[in-house]
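Student: Structure provided below as structure tokens; questions to follow.
Laboratory data are not the source of any read-out in this text; all were calculated from the coordinates shown. Please read these numbers as outputs of a predicted model, since none were measured by experiment. Counting neighbours? That spans all protein chains shown, and the Cβs are built from the backbone with ideal geometry, glycine included.
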Amino acid sequence: MNKLSLFCVSALLMFLACQSNSQGELRGELSMESPLPSVGSHGSMEYSQTSDMVICPFLPLSSTAEYHIMAYFKGHEIYESIEAFVFNGETEQGDSPIRATLTRHDKSQVDYFNFDINPATEDDRQRWYNSSIHFVYEDNGLGGLLEFTDNSGNDFSLVYKADRGVSEQNGGLTDVGEHSPHGGLPLFYREKSGIGSENCYVQINNQTYEVPVDEAVTKRPFFVAYMAYISKGFNSVIYSTGVTQLQKESFQVQENQDEIVLTYDTFESTFKIVTSSGVPEIKEILSRNPWVSPDSFTTMIFDPPFPNLVAMNTGETFNLGFQIDFDVAQGLVYGDITVHKLNDRQVYVEMNPLSPSWAVDSRAMKYILNYQEQQVEIEAKMLLE
């Protein structure tokens, strides 16, 4: 493996053009070089302004971390929390791939990776760094250790101690609160989790910082929980904000009797777009990370199917529902989508979560799609911005 690139926070979006004929030929623009076994014939698409084009604004980034560790801490002038995602696989140095994140009091974040990264935007280049990262998981989650050095030479460590190991009872969807409030819709599902004890602490340059009590979980006098957590099996899917201009690339096609599956790959994810045969409407989108979680997909299902945006009439509005499922948990995330055709070359899309409750309104997103003769530009923002 020469390069890993995980959890790309910039939006990676796609448009597909499907022109149906007796040969099952597909035309359009798309991006990919597949590291996976071929699922069909390989070809390239050329952009053409036809009513058979399918434009997809959603391209979620998915992965499953083997472990996740996190703690809030008090008293530091800049940072309020520290965390890390530990993935399966190996870096060039033979270590597990790890992404460590520091969150500031203003909810902005800076990320550190122990593998080569490929920032897609200027914003990423200013907050993504390489570092040697050390992680230890002990005794079914009774202990854990995270250590790394930031780009200014400051040494960070999180010491995790718990009275109980990880359990399914403490699993479920993570409420991300106000972290990265302008970054999109992040969804995290914990298969097994544990809660830290009073013996947890964060250390920065040999100065120790206290982990506060988690009052939402604490049940005095029987149990006092602290805001330090460790998980085994941490599933992620992120719908990111940002601007993407789509260019001509390559794809794989598999045509069955009732559907057409288009697959393409990036360093971040493999995506499958499933449409009805002969009808350029999207039934579902499947995504996974081929490097660190090749066997784990997340699925975005549309009901009714996501429409052919180019074929819509100017001024027309289309409403549909969506559901986002993890391999290990289904039916927890769902909501509504509204599509409005502004003019011949511009479409406005809203994605409004109805579940989980913490995502309502605050994590709703809007997409503005502009398509020209040779490219499509898709801008993803938070709805309330």
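Student: Can you give the log10 of the normalised intensity I(q)/I(0) at q = 0.19 Å⁻¹, computed with Debye over equal Cα scatterers of segment 63-238?
Tutor: Taken in order of the listed q values, log10 I(q)/I(0) reads -1.46.
Student: Determine the gain in length on full extension of the stretch ASP95-ASN130; use 0.36 nm per residue of separation and subtract their C-alpha separation, reporting nm with one decimal. Each step should come with its number before you reach the end.
Tutor: Numbers: separation 35, 0.36 × 35 = 12.60 nm, distance 1.39 nm.
Net length gain for the segment: 11.2 nm.
Student: If you don't mind, another one. In whole percent, what relative contact order does segment 63-238 give with Cα contacts below 8 Å and a gap of six or more residues?
Tutor: On the way: 429 pairs, mean separation 42.1, N = 176.
Relative contact order for segment 63-238 comes out at 24 percent.
Student: Net charge near VAL339, counting Lys/Arg +1 and Asp/Glu -1 over other residues with Cβ under 10 Å of its Cβ? Before the final figure, lay out the partial values.
Tutor: Numbers: positive: LYS341; negative: GLU316, GLU350.
Summing Lys and Arg as +1 and Asp and Glu as -1 gives -1.
Student: Once you place label points 7 Å from the Cα toward the Cβ at THR317 and ASN151, how far apart are they in nm?
Tutor: In this crude label model, THR317 to ASN151 measures out at 4.4 nm.
Student: Still on this model: Only loop residues by DSSP count here, and only those with at most 12 other Cβ atoms within 10 Å; note down the GluC sites (Glu not before Pro) in segment 161-210 that meet that.
Tutor: Answer by residue number: GLU178.
Student: If you don't mind, another one. Below 11 angstrom from the Cβ of PHE87, what's the summed charge of the other residues (Lys, Arg +1; Asp, Glu -1)? The partial results should precede the final answer.
Tutor: On the way: positive: ARG99; negative: GLU66, GLU90, ASP95.
Result for the neighbourhood of PHE87: -2.
Student: Can you tell me which lysines have their Cα less than 22 Å from the Cα of LYS192? Leave out same-chain residues fewer than eight positions away.
Tutor: Within the straight-line limit of under 22 Å, LYS192 reaches these lysines: LYS161, LYS219, LYS232.
Student: Given R₀ = 22 Å, FRET efficiency for THR338-ASP175 by Cβ-Cβ distance, to 0.05?
Tutor: Details: r = 25 Å, r/R0 = 1.15.
The value I calculate is 0.30.
Student: Which net charge results for the neighbourhood of THR298, defined as the other residues with beta-carbon distances under 10 angstrom from its beta-carbon, given Lys and Arg at +1 and Asp and Glu at -1?
Tutor: Working: positive: ARG288; negative: ASP325, ASP327.
Here the charged neighbours net out to -1.
Student: Oh, and also: What are the lysines whose alpha-carbon lies under 16 Å from the alpha-carbon of LYS366, with same-chain residues fewer than 8 places away excluded?
Tutor: LYS341, LYS381
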